[in-house]
1. Only one residue in G39, G7, G25, G14 is over 13 Å from the mean Cα position of the chain (by Cα) and of a type outside the set (S, T, Y), so which one is that?
2. What are the residue pairs meeting all of these: first residue in the range 13-38, first residue on the phi < 0 side of the Ramachandran plot and part of a loop (DSSP other than H, G, I, E, B), second residue crowded, with 16+ Cβ neighbours inside 10 Å and modelled with pLDDT of 95 or more, Cβ atoms under 6 Å, and 6 or more apart or on different chains?
3. Going by the conditions given, is V29 surrounded by 11 or more Cβ atoms within 10 Å (Cβ to Cβ), among the β-branched types (V, I, T) and at pLDDT 95 or above?
Amino acid sequence: MSTAQMGVGWFAAGLLVAGTASTMGLLVVGRMVQGFGSGLLSVALYVGRGGPG
């Protein structure tokens, strides 16, 4: 499993948690997981294309 795929998976899991959250705390946790997945995806795409420029 590639880093990009893991990023999408983490983001999707966070999306489900945040989308079904019944409390503010659960919403915050879901958004944190989304942020982690988004960070993984950004790094995978940045490194995959060879860095800046």
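The values are calculated or read from the model by the stated rules, or taken from the named source; none is laboratory data. Quick caveat: nothing in here was measured; it's all calculated off a predicted structure. Every residue, glycine among them, receives a Cβ derived from its backbone with ideal geometry; neighbour counts consider all protein chains shown.
1. Only one candidate passes the filter, namely G25.
2. A21/G30
3. In short, yes.
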